[in-house]
Amino acid sequence: MKTQHRKMDASALAPLLLFTIFTLCVIFVLLIGAHIYESSVSRGQRSYDQRTVAHYLSNRVRQIDCSDAWFVGDFHEAQPLTEGNTLFFREVLQGEVYYTRVYCHNGYLYELCSIAGKGFDPSDGEKILALDALHFRAEDHLLQIRYQYTNGESDELFLHLHNGTVVEP
């Protein structure tokens, strides 16, 4: 019996090598594209979060119908202060005073509406948005709001209230 030995020449390896190089290039382009897409989505989400927080807070303040209907204070004490962690909105409905509190607790922006004088826990409110920290400062007709996102970035919002309405700078 004769055994046949086939020789493999270089011309047979060329298509295999070319296919391997093509496959590696395709994988490389897909990985780069996935990275670009991921960073674009992340940037878009961050921008959305920033706009949403600013719009929510400014629109919430816009709902105030007079200049004495809001004040800054501490969550548990509904007393006006210059600085605080809670923004209070005061409303009188059917002879009863209600406070709506806007505050940050356990990584979220919350809103809680309650009858004045009733004791509530910060976790009793309604979760609005993910937010790490929130601080208010009020002087005359200027409301300064500093907030920190869950990714560590922070931002500031200044609202000028004139005759009970917000005037955007």
Checklist entry - Among the residues of the range 109-120, which ones are outside any strand (DSSP E or B), free of Cβ contacts under 8 Å to residues at least 40 places away in the same chain and open to solvent by 60 Å² or more (accessible area, probe 1.4 Å)? => result GLY117, LYS118, PHE120
Next on the checklist: Looking only at the range 6-64, filter to residues that are outside any helix (DSSP H, G or I) and within 21 Å of TYR103 (Cβ to Cβ); which one of those is modelled with the highest pLDDT?
Outcome noted: GLN63
Checklist entry - Can we say SER123 is open to solvent by 20 Å² or more (accessible area, probe 1.4 Å), over 17 Å from the mean Cα position of the chain (by Cα) and of a type in the set (Gly, Ala, Ser)? => result yes
Checklist entry - Tally time: how many residues in the range 85-101 are buried (at least 19 other Cβ atoms within 10 Å of the Cβ) and either farther than 20 Å from GLN144 by Cβ or within 15 Å of the chain's Cα centre (by Cα) (or both)? => result 1
Checklist entry - On the given criteria, is ARG46 touching a residue at least 24 places away in the same chain (Cβ under 8 Å) and over 19 Å from ALA138 (Cβ atoms)? => result yes
Checklist entry - Across the range 132-156, what is the total count of residues that are touching a Cys at 6+ places or on another chain (Cβ under 8 Å), in a strand (DSSP E or B) and farther than 16 Å from HIS55 by Cα? => result 1
Checklist entry - Within the range 72-89, is even one residue part of a strand (DSSP E or B), in contact with a helix residue (DSSP H, G or I) (Cβ under 7 Å, 6 or more places away or on another chain) and at pLDDT below 90? => result yes
Checklist entry - Here is a list of conditions, (1) in a strand (DSSP E or B); (2) in contact (Cβ under 8 Å) with a residue 60 or more places away in the chain; (3) closer than 22 Å to LEU161 by Cβ, and LEU129 meets all of them except one; can you say which number that is? => result (3)
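The values are calculated or read from the model by the stated rules, or taken from the named source; none is laboratory data. Nothing here was measured: the structure is a model prediction, and the numbers come from that model. Glycine also receives a Cβ, built like all others from the backbone with ideal geometry; neighbour counts cover every protein chain displayed. These accessible areas exclude ligands, DNA and RNA; they are computed on the full protein's heavy atoms, side chains included. Shrake-Rupley method; radii C 1.70, N 1.55, O 1.52, S 1.80 Å.
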